[in-house]
């Protein structure tokens, strides 16, 4: 069991930048900022270059082991920073589980020994534990999330269609 929820600063920056370009991200940006300022989520700060050798080592591992498609795209910076932090935290003896939807990043997490789950997994667990109690509720909640995330599959393409 993890003792806190953390999010890399690269993800916070990505949400903030997207909210300036796309109104769909306004609410997410405000909620994320509120959760960080309320100490419900901890923002991981990426160390300045050459000031944290342990982090630099993990960052180098991520860069050297990620597929070219990840390394060459700024859109994957959040996942890459997440994995570098996760490796560092794991080496400190703490439990780490990463929420990742990008398939390349999931494969890299597996290679790094970082357990992960997806948004779809989260919804499946919510159904399993009775937090979501009907197919219409599931579809409505998933649609709310999917409409804010360009990377999620549409509901009918997920295994969630068989949840009830």
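Just so you know, all these numbers are worked out from the coordinates, no wet-lab data involved. Just so it is clear, the model here is predicted, and its values are computed rather than measured. Neighbour counts run over all protein chains shown; Cβ positions are idealised from the backbone, glycine included.
With neighbour counts taken as other beta-carbon atoms within 10 Å, the residues 5, 114, 36, 106 rank, fewest first, as 5, 36, 106, 114.
Classify the stretch 40-102 as rounded, prolate or oblate, taking a ≥ b ≥ c as the square roots of the eigenvalues of its Cα gyration tensor: rounded when a/c is under 1.5, otherwise prolate if a/b is larger than b/c and oblate if not.
oblate
Counted residue by residue at 0.36 nm each, then reduced by the alpha carbon distance between them, the extension gain from residue 141 to residue 65 reaches 23.8 nm. Fewest-first ordering of 139, 21 by other beta carbons within 10 Å of each residue's beta carbon gives 21, 139.
Stretching residue 129 away from residue 156 to a fully extended chain increases their span by 7.6 nm, per 0.36 nm per residue minus the current alpha-carbon distance. Specify the residue with the greatest mean-square fluctuation among 88, 122, 44, computed from a Gaussian network of the chain linking alpha-carbon atoms under 10 Å apart. Highest fluctuation among the options: 122. With the cut-off at 1.5 for a/c, could you classify the stretch 59-156 from its C-alpha gyration tensor as rounded, prolate or oblate? The shape class here is oblate. Whole Å is fine, so just give me how far the alpha carbon centre of the stretch 8-77 lies from that of the stretch 80-105. Each part reduced to its Cα centre gives a spacing of 12 Å.
Report the extension gain between residue 91 and residue 37 in nm, rounded to one decimal, defined as 0.36 nm multiplied by the number of residues separating them, less their alpha carbon distance.
Here the segment from residue 91 to residue 37 would lengthen by 16.7 nm.
Each part gets one Cα centre, and for the stretch 112-131 versus the stretch 136-164 those centres are 13 Å apart. Using C-alpha pairs under 8 Å with a sequence gap of at least 6, the mean separation divided by the residue count of the stretch 4-138 gives a relative contact order of 20 percent.
What is the fewest-to-most order of 25, 117 by other Cβ atoms lying within 10 Å of their Cβ?
117, 25
If R0 is taken as 25 Å, the Cβ-Cβ distance between residue 148 and residue 52 corresponds to a FRET efficiency of 0.15. For mean projected area of the Cα convex hull in nm², computed directly from the structure shown, the correct entry in [x] 11.1; [y] 8.8; [z] 10.6 is [z].
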